[in-house]
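Chemist: Mind looking over this structure? Questions follow.
What follows is calculated from the coordinates using simple rules that are stated; it is not laboratory data. Fair warning: this is a prediction, and the values are worked out from it, not measured in the lab. Counting neighbours? That spans all protein chains shown, and the Cβs are built from the backbone with ideal geometry, glycine included.
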Amino acid sequence: MAMRFEPDRTPPRMSTRERCFLLAFLAFAFSVGCVMLNGARVSRIGEIEGKLLGIPAEDPRFKASVIGAVDYDGKSYPILAVEYRPPGGASYSVLNTGGVHGDEAGGVETIYQMIRECALEKSGALERDFILCMNPWGYGYDKRDNRDGIDLNRDFKDFRSQEARIVAAFLKGRKYDLVVDHHENSHSNGFSIICHEEGDRSLASAIIRESSQYGVATKTQRIDNYEQGITILGLGNGKAFSQYAGLHLCEANRSFIIETPTAWDIEKRIRCQLDVERKLEKTFFL
Ligand SMILES: [Zn+2]
């Protein structure tokens, strides 16, 4: 009887060189995995943009446009702005921005909700500009920075990023009475207001007291002068404050950032953002 060939089932031992190759491959795979495109986010932003671009056809008070597109390796990521002009004119103008940090989806959803609510107003008393998502690549990949690793919120002085240059071109020559940038904070346990001027501390404090039902931040990281939900960017080592879009580009009389915790459910984040925004507007304009 002829002997059957039995394959050798002993696993081959890896050489040091092969082990190094495998480790390098795993490291590469891990890093690629960290920048995976998030399909749910891509379809969500596409849905929002489609709806916003359709608004002016039904409501002439609005203009919606792609103000520029970020290009990475031939792939294009548009940045969308919506402008609202009340037919009777307005005494004040407001700019709201979202998505400067791509992993903070709550800001983008807040801007979308603000535009929808604005469309329901019979005659809005304020002139409004909205930039939906300043970092569209970061939004799609769920990353804070842009693809080149630039934190856009520190780039509105040097303009190294395509995104900051597109936003700057749109804002050139525009002046606002109030600018609010909508953010999230993954380290915080409650909402907070970031002011660019020490003089705004008492009004931020009053709004925080009135909005305490949401839960005010009592601890966070990486922010200076943090106290009872308020940060003053102009103090401490806040040299970066001049690089923030709101203050540096728009010559705004008032410039704020609202931050809600990423850990909150999305409805609560939007509700809190809208409420604090309304209170800021009421303080200055009503
Ligand atoms: Zn942020």
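Chemist: Label-point separation (nm) for Thr218 and Asp158, each offset 7 Å from Cα along Cα-to-Cβ?
Modeler: Computed distance between label sites Thr218 and Asp158 equals 3.8 nm.
Chemist: What distance in nm separates the two pseudo spin-label positions at Arg144 and Glu117, each 7 Å out from Cα along the beta-carbon direction?
Modeler: 2.8 nm
Chemist: Using Cα pairs closer than 8 Å and at least 6 residues apart in sequence, work out the relative contact order for segment 88-155, in percent.
Modeler: On the way: 114 pairs, mean separation 30.0, N = 68.
Contact order relative to length: 44 percent.
Chemist: Lys75 to Leu53: extension gain in nm, 0.36 nm per residue of separation minus the Cα-Cα distance?
Modeler: Working: separation 22, 0.36 × 22 = 7.92 nm, distance 2.07 nm.
Gain in length upon complete extension: 5.9 nm.
Chemist: Could you order the peptides 192-201, 91-100, 35-44, 208-217 from most to least packed, using the average number of other C-beta atoms within 10 Å per residue?
Modeler: Taking the mean over residues of other Cβ atoms within 10 Å, the ranking is 91-100, 192-201, 208-217, 35-44.
Chemist: Using modelled backbone amide H atoms (1.01 Å from N, in-plane), which distant-in-sequence or interchain residues come within less than 5 Å of Val70's amide H?
Modeler: Amide H to amide H, under 5 Å and 5 or more residues apart or across chains, Val70 pairs with Tyr77, Ile79.
Chemist: If the chain between Glu83 and Val42 were fully stretched, how many nm would it gain, using 0.36 nm times the residue separation less the Cα-Cα distance?
Modeler: Details: separation 41, 0.36 × 41 = 14.76 nm, distance 2.33 nm.
Length difference between fully extended and current span is 12.4 nm.
Chemist: Exposure proxy check: Met114, Met134 ranked by fewest other beta carbons within 10 Å? Present the calculation step by step, with values, prior to reporting the outcome.
Modeler: Numbers: Met114 24, Met134 29.
Starting with the residue having the fewest Cβ neighbours, the order is Met114, Met134.
Chemist: Another question, then. Give the average over all directions of the projected area of the C-alpha convex hull of segment 160-215, one decimal, in nm².
Modeler: Details: hull surface 23.6 nm².
Mean projected area of the Cα convex hull: 5.9 nm².
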